[in-house]
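The values are calculated or read from the model by the stated rules, or taken from the named source; none is laboratory data. Computed from a prediction, not measured in an experiment: that's the story for all the values here. Methodologically, a virtual Cβ is constructed for each residue, glycine included, from the backbone with ideal geometry; neighbour enumeration extends over all protein chains shown.
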Amino acid sequence: MKPKCFLILLFLPIFAFVASAQKPAEETLWARSMGSLHQQLAGECYFDVPCHVYFVEACREFGLPKASLIAMDRRLRCSRIGMAGLNGTFLDENGHLHESLDAYRYRKTKPFDTPVASLQLDYTSVLKVNQTDGESQAFAQSDSIRKYISEDYDFANYLLSLNLRSDLDYLLHASSHYQASDTLYFLQAWSEYLQQQLPQAVAHFSLIDSSSVFWEKSLFHQVAVLAHLGCYQQAEERLNDYMADEHEQLKHLQLAGLALLSNDMSSYQQQAAAFDLQQAHYLRSEQLSLQTMFEERQALARKNPYLAATLSAVLPGAGKIYAGNLSEGVMSFVITGALAAITAEHWVKKGPQDWRSITFASLTGLSYISNVFGSYFSVQILQDHVLQKQTQAILYHIHLPLDRLFR
């Protein structure tokens, strides 16, 4: 179908509404039809890119035909019924759902089957930028004058307890009268960690020697921070340096979390097999949460987009229900069914050649096709949202135990 035809189909309801406004007494059937559709479609757009902006971007990216189907599908998802099943699950703190054009882009691989690229953090460059590169720090005083931070350790902790971050920064960084030591590196890293200066914190954590009393706390916090930065491979390498038995279960928990973040299901299963729920009862909640997320991924990975499209072709909305979007499936069925019923009523009362019958027949066809089209992509859209939600949950679960174990 040519683009001009799609434009006509899109703007027919507007023309029809204007025409009907001139004869309100004679067009009660039309008024009831439009009122019914308005009630069913009414709802606030919760996408962070509004539907009309998304439609313009989709036209540029995919062309008008596909953009029209995308716009129809998103409008149904924005309806009151369509958004009823969300309950804030995938919404951000502002109540918005983030979706790019990739949501409706065809992919050869499923989101859960695609390896996640791991970033690489250069510790040396981070330290040089901050002029705190370990032994090569530029001190103003001579070696004989410099003292160890351990002499002022209680004072540094006092500043931390009062949340006097700027004073602590001056003590640890700006003032240059301390000898390089593991204690100094730890305090610098901890101060940066609390201030969300994550690259700098990781760099200073990496300077702490394995013989230090701060090493275990630094190691596991460094791994959690690296995971937040997307440096999964570096985090795994750091964990593999830990050979002690005391926190072995914590090591398996973090490695399992990193495997899920990297979409490495086989590696996750190896680490999960080492979970000891009896011995590490203090990690039981986090271990069970990771296992639940793994099973959720396994269930979603088995969903077939072609089967979803086929089901919706047989019964509008059935494919979305199969994919896991009950409310969107119900909305697709309601709207497509309502449009078909309105079309049939106009067809019987006004005849097939009446412009209102043609308008609603066109809208019914567009709704049906977009229902099949949207059902195909609903599988990968749901998988994308689950992946985003789980990423935040995994980062939380590999970080939370650290506050209990290392006080």
For the stretch 216-258, enumerate the residues that are under 17 Å from residue 185 (Cβ atoms), more than 25 Å from the chain's Cα centre (by Cα) and assigned to a helix (DSSP H, G or I).
216, 217, 218, 219, 238
I need the full set of residues from the stretch 298-316 which are closer than 17 Å to residue 106 by Cβ, under 21 Å from the mean Cα position of the chain (by Cα) and not in a loop (DSSP other than H, G, I, E, B), in order please.
305
If I go through the stretch 352-407 residue by residue, how many of them are polar (S, T, N, Q) and under 16 Å from residue 75 (Cβ atoms)?
7
Step by step: first the residues of the stretch 360-399, then only those that are touching a Ser or Thr at 6+ places or on another chain (Cβ under 6 Å) and free of Cβ contacts under 8 Å to residues at least 60 places away in the same chain, then the one that is farthest from residue 340 (Cα to Cα). Which residue is that?
368
Please go through (1) part of a helix (DSSP H, G or I); (2) of a type outside the set (Asp, Glu); (3) modelled with pLDDT of 90 or more for residue 207 and return the number of the only condition it doesn't satisfy.
(1)
Out of the residues in the stretch 372-407 meeting the condition of being more than 16 Å from residue 249 (Cβ to Cβ) and of a type in the set (Phe, Trp, Tyr), tell me which one is surrounded by the fewest Cβ atoms within 10 Å (Cβ to Cβ).
396
